[in-house]
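A short write-up of the structure that comes next.
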Amino acid sequence: MLDLKTIREQTEAVREGIAKKHEKDRLDDVLKLDARRRELIREVEALKSKRNSVSAEVGKLKKEGKNADELIAEMKGVSDKIKALDDELRTVKEKIDNVMLWIPNVPHESVPVGPDESDNVMVRDWKPDDTVLGFTPHDTLDFKPLDHVQLGKKLNILDFERGAKISGSGFPLFIGKGATLERALINYMITIHTSRHGYTEVFPPFLVNRESMTGTGQLPKLSEDMYRCELDDVFPIPTAEVPITNMHRDEMLSVDELPLAYVGYSACFRREAGSYGKETKGFLRVHQFNKVEMVRFTKAEESYDQLDQLVGHAEVILKELKIPYRVQLLASGDLSFAASKCYDIEVWAPAEQKWLEASSCSNFEDFQARRMNIRYKPDPKSKPLFVHTLNGSGLATSRLMVALLENYQTPEGKIIVPKVLQPYTGFEIIG
């Protein structure tokens, strides 16, 4: 969440940031509540001061053997008033907290302003210098490619129909070498991030409590997009960002250990209630998918350099897989509720003739850390500061699998396994 002091002192700047995200402006509500909160605090402090001084006077009268009944009766009324004001103050604080949970993070000054993805800015693109299977995947293939659904059916490695029978649409089923290829992708990415990029591996829980979902910003804003187990009030995670970032909730981190870098695999579950009418074929939009997630905790002054590193770590994977991609800087209206700045990495799918998002890398600054109370001290005598949190897909396998299958297919409809994955699969071709 945002800092209430910042909202109070820089109201118009925050209001402008909210407008750039095309989110509802609730600042007047919180400012009104905040004014009442401060008024109540002043009243309570004045009454407590009065009670203390009168209590001293009562003690003096009693010591002198004089009657203090009138003052005692008066103080009972003051104590009752203090209790009533404390109760109201507690209610007002709860209302402030509830409103603050609905106020989005504001975009960083370097974020392009625009209402939607059409205003995203292309930062760079990449394609292999050499050719894969005799052609450059980024360009038009010299044969008519099959799409990933056709390839999955032809090679008996994906079965979306049986997945739908088991669970419903949007729940893919991997079979045989398809399952092995998916597992190989996950293992390969984890290995690269831990051995080369310095991340500590985490295998997180796939169910989290309400506090964890609130901490990273999924709740209350995105409640309709999340699955929920009502009996226990726990949520299947939409991303490993949620459990990994919440590892340090309510903790004071040592400045010497920053930046902290974690990477973990998880299955991800999303209802995506607002996605009706969008492309739903195969892996293009699913309710369950696999993802390797990178999470970093940093000092404020280092967080944007860390964001660039995070994007670079995701790019390494795609370069070694030799899959064409591009990096997009998201416009303000395309940013998530909690992000200050975000880069999307999109892979090229030749049969779809589309760029498909395979990774989002975001800097949340201290927005999540305020919700989760994750702090550090720059030195032992200094005031605690909130860390900055970042995360990025390193990468999500669903659309990455689309690009891999479609780019690595042969004219005969076989799939060549990328060389970096072959030690993990144990085979070189799917056919």
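The values are calculated or read from the model by the stated rules, or taken from the named source; none is laboratory data. Since the structure is predicted, the reported quantities are computational estimates derived from the model, not experimental observations. Here Cβ is always computed from backbone atoms with ideal geometry, including for glycine, and neighbour counts include all displayed protein chains. For accessibility, only protein heavy atoms count, side chains too; no ligands or nucleic acids. Shrake-Rupley method; radii C 1.70, N 1.55, O 1.52, S 1.80 Å.
Quick notes on this structure:
- When the chain is treated as a Gaussian network with alpha carbon springs shorter than 10 Å, the biggest mean-square fluctuation among 198, 65, 114 belongs to 65.
- P(r) tail fraction, region 1-106 - alpha-carbon pairs more than 24 Å apart, %: 46 percent
- Charge dipole of region 175-241 about the Cα centre (unit charges at C-beta), most positive-ward option of 239, 206, 175: 175
- The lysine pair count for region 145-264, using Cα distances under 20 Å and pairs eight or more places apart or on different chains, is 4.
- A Gaussian network model of the chain, with springs between Cα atoms under 10 Å, assigns the largest mean-square fluctuation among 318, 61, 185 to 61.
- FRET efficiency for residue 225 and residue 49, using Cβ-Cβ distance with R0 set to 56 Å, rounded to 0.05: 0.65
- Efficiency of FRET between residue 9 and residue 76 - r from beta-carbon atoms, R0 45 angstrom, step 0.05: 0.65
- Reachable aspartates and glutamates from residue 20, criterion Cα separation under 16 angstrom, eight or more residues apart if same chain: 12, 109, 116, 117, 119, 334
- Just checking the listed ones, 228, 36, 326: in the Gaussian network model of the chain with Cα springs under 10 Å, the one fluctuating most is 36.
- Cα shape, region 205-362, gyration tensor, a/c 1.5 rule: oblate
- When peptides 203-209, 215-221, 41-47, 305-311 are ranked by their average number of other Cβ atoms within 10 Å per residue, the highest-first order is 215-221, 305-311, 203-209, 41-47.
- Residues of type aspartates and glutamates that residue 62 reaches as a straight line, Cα spacing below 13 Å, ignoring anything fewer than 8 places off in the same chain: 70
- Amide H contacts of residue 202 (H built 1.01 Å from N, under 5 Å, at least 5 apart or other chain): 263, 264, 265
- Farthest towards the positive end of the charge dipole of region 1-138, among the residues 71, 103, 14, is the Cα of 71, using unit charges on the Cβ of Lys, Arg, Asp and Glu.
- Within straight-line cross-link reach of residue 5, lysines at Cα separation under 18 Å, skipping those fewer than 8 residues along the same chain: 32, 93, 95, 383
- Per atom type, the chain shows carbon and sulfur on 49% of its accessible surface, probed at 1.4 Å.
- Heavy-atom accessible area per residue - the chain, 1.4 Å, Å²: 47 Å²
- Magnitude of the charge dipole, region 1-144, Cβ model with Lys/Arg +1 and Asp/Glu -1, debye to 20: 1320 debye
- Net lengthening on full extension, residue 124/residue 381 (0.36 nm per residue, minus Cα-Cα): 88.1 nm
- Taking every DSSP helix (H) stretch of at least 4 residues in the chain, weighting each as -39,500 (n - 2.57) and dividing the sum by the residue count yields a mean residue ellipticity at 222 nm of -12500 deg cm²/dmol.
- Size of electric dipole in the chain: Cβ of Lys, Arg +1 and of Asp, Glu -1, about Cα centre, debye, nearest 20: 960 debye
- Mean sequence separation of contacting Cα pairs (under 8 Å, at least six apart), scaled by the length of the chain, corresponds to a relative contact order of 20 percent.
- Ordering of 370-382, 331-343 by packing [mean C-beta count within 10 Å, highest first]: 331-343, 370-382
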